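The values are calculated or read from the model by the stated rules, or taken from the named source; none is laboratory data. Source: prediction; values computed, not measured. Don't worry about glycine lacking a Cβ; one is built from the backbone with ideal geometry, like all the others, and counts go over all protein chains shown.
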Amino acid sequence: MACPSLTQAREPVIAAAWENPEYVGPGVEWNPRKAHERRVRRCLRSLLRTAQDLPIPGFSYAWRPDDGDGVLLAVFDKANRRLVGGIDHKNVYVVPEYRGRGIGPEILVAAFATGVMHPDSMNEGGNVLSHAGRGNRVKAHRLAVERALAAGDEVPDAVLADYPDLSGTALAA
């Protein structure tokens, strides 16, 4: 079952909360970005020690399995070790000044590769998507298909049907 989208009225409220870690207001009793940053700080050393490169130069990610407080994935700018995005309780975010660099889809690809999220269960538990979040899922799926083809993995025809421009890629690999 597809994940529902945020309502038109709710999306700006949630966007404000993720953009400003100090924001709380109607419909946002606690700030999700601030909570994520707090969780990352608690285990920052171990996250940085285990960080792996993202396919986007200059960025790394690290994750922790569910420690009773939900799974955690954090993305860092390698130049300054700044937290620039991640996943907290199935909520994916990228801080505003790092958006538009392809980090959102890579977060999802990393989440699936590490088991932080699974495509079959990512929509459970009342999770809803922003419009940008829905776009990131589409881009992440395409990235996964492209990488599978490049690696010579078998990709079902039903999946390739969604990407007619990639259909010859498997033969060329």
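A few notes on this one:
- Ala51 more than 24 Å from His131 (Cα to Cα) and crowded, with 18+ Cβ neighbours inside 10 Å: yes
- Residues that are surrounded by 21 or more Cβ atoms within 10 Å (Cβ to Cβ) and farther than 16 Å from Asn91 by Cα, drawn from segment 63-78: Phe76
- Any pair with Cβ under 6 angstrom, 6 or more apart, that starts in segment 138-152 at a residue that is without any contact (Cβ under 8 Å) to a residue 40 or more places away in the chain and farther than 14 Å from Ala111 by Cβ and ends at one that is part of a helix (DSSP H, G or I) and not β-branched (Val, Ile, Thr): Leu149/Ala170
- Number of positions in segment 23-41 that are within 21 Å of Thr114 (Cα to Cα) and at pLDDT below 90: 2
- For the residues Glu11, Glu22, Glu37, the requirement of being farther than 19 Å from Pro105 by Cα and loosely packed, with under 14 Cβ neighbours inside 10 Å singles out Glu22.
- All of Val75, Val92 fail the test of being modelled with pLDDT of 90 or more, part of a strand (DSSP E or B), within 21 Å of Ala144 (Cα to Cα) and β-branched (Val, Ile, Thr), apart from Val75.
- Test for Gly85: is it buried (at least 17 other Cβ atoms within 10 Å of the Cβ), free of Cβ contacts under 8 Å to residues at least 24 places away in the same chain and either farther than 19 Å from Asn136 by Cα or of a type outside the set (A, V, I, L, M, F, W, C) (or both): yes
- In segment 15-42, residue nearest to Gly70 (Cα to Cα) [restricted to those that are without any contact (Cβ under 8 Å) to a residue 12 or more places away in the chain and either touching a Ser or Thr at 6+ places or on another chain (Cβ under 8 Å) or part of a loop (DSSP other than H, G, I, E, B) (or both)]: Trp30
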